[in-house]
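To keep things clear, I will list the structure first and then write my remarks on it.
The values are calculated or read from the model by the stated rules, or taken from the named source; none is laboratory data. This is a predicted model, so every value here is computed, not measured. Using ideal geometry, Cβ is built from the backbone for each residue, glycine included, and neighbour counts are taken over all protein chains shown. For accessibility, only protein heavy atoms count, side chains too; no ligands or nucleic acids. Shrake-Rupley method; radii C 1.70, N 1.55, O 1.52, S 1.80 Å.
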Amino acid sequence: MYSPTPLESWVSHFYEKLGISQPESLNEQRIARTLNIFLFYKEVPSMSYELGRFRSITIDKRLPLKVQREHFYHELCHILRHAGRQIMMPEAFRELQEWDARNFTRYAALPLHMLKDLNLREPYIIDRLSDRFKVTPELCEERMRKIQNNILSKRRMA
């Protein structure tokens, strides 16, 4: 039995409120526009920026498309869940925000409510997920490993 984390449930609920229920609906431009976030693609390292009501995400357009998408989710997390300028904060707090953004990226890229109807045991599931959700196979492997670890830990506790 799978037990979603609070963040995982929050991401699915967030997408459902935006009317995003299928992988084909996961579109960076649409998500940014809905949230009043300016989205730029430039030849600079990916980053998010907030000043008052102005919010923007800049994605490094030199990266492969699947990596660009992952960077978008990472930067989106910083805007939705974090405050403060990382260069001004203690290293431990910055590391915590980065850990949270990596975790958020897994959930935002492959949201639980879109995985429920898939057979996660099929032989080529990683490739299928990568193609369908337009993210790297490495991220799909991480997500599947987290799901498997969650199920295993629940069995041990039972």
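Determine, from the Cβ-Cβ distance of TYR124 and LEU63 and an R0 of 30 Å, the FRET efficiency 1/(1 + (r/R0)^6), rounded to the nearest 0.05. Provide the component values of the computation, followed by the final result.
Numbers: r = 25 Å, r/R0 = 0.83.
Plugging the Cβ-Cβ distance into 1/(1 + (r/R0)^6) gives 0.75.
In the Gaussian network model of the chain, springs joining C-alpha atoms below 10 Å, which of VAL135, VAL11, VAL44 carries the largest mean-square fluctuation? Maximum among the listed residues: VAL44. Here the accessible area of the chain is 54 percent carbon and sulfur, with a 1.4 angstrom probe and all protein chains present.
In plain terms, the bigger the Kirkwood radius, the slower the diffusion; for the chain, with that radius from Cα pairs, at 10 °C and 1.306 mPa s, Stokes-Einstein puts D at 96 µm²/s. Comparing Cα centroids, the range 1-35 and the range 108-141 end up 15 angstrom apart.
Computed with the Debye formula from one identical point scatterer per Cα of the range 33-80, without solvent, the log10 of I(q)/I(0) at q = 0.16, 0.18, 0.23, 0.24 Å⁻¹ comes to -0.38, -0.48, -0.76, -0.82.
Along the range 136-153 the Karplus relation, 6.51 cos²θ - 1.76 cosθ + 1.60 evaluated at θ = phi - 60°, assigns HN-Hα couplings of 5, x, 4, 5, 5, 4, 4, 5, 5, 5, 5, 5, 4, 5, 4, 5, 5, 5 Hz to successive residues, with x for each Gly and Pro. Per residue, the chain exposes 61 Å² of solvent-accessible protein surface, assessed with a 1.4 angstrom probe and all protein chains in place. Largest first, the residues SER3, SER56 sort by 1.4 Å accessible area into SER3, SER56. For the range 1-58, the normalised intensity computed at q = 0.13, 0.16, 0.21, 0.26 Å⁻¹ comes to -0.46, -0.66, -0.94, -1.08 (log10 of I(q)/I(0), Debye sum over alpha carbons, equal scatterers, no solvent).
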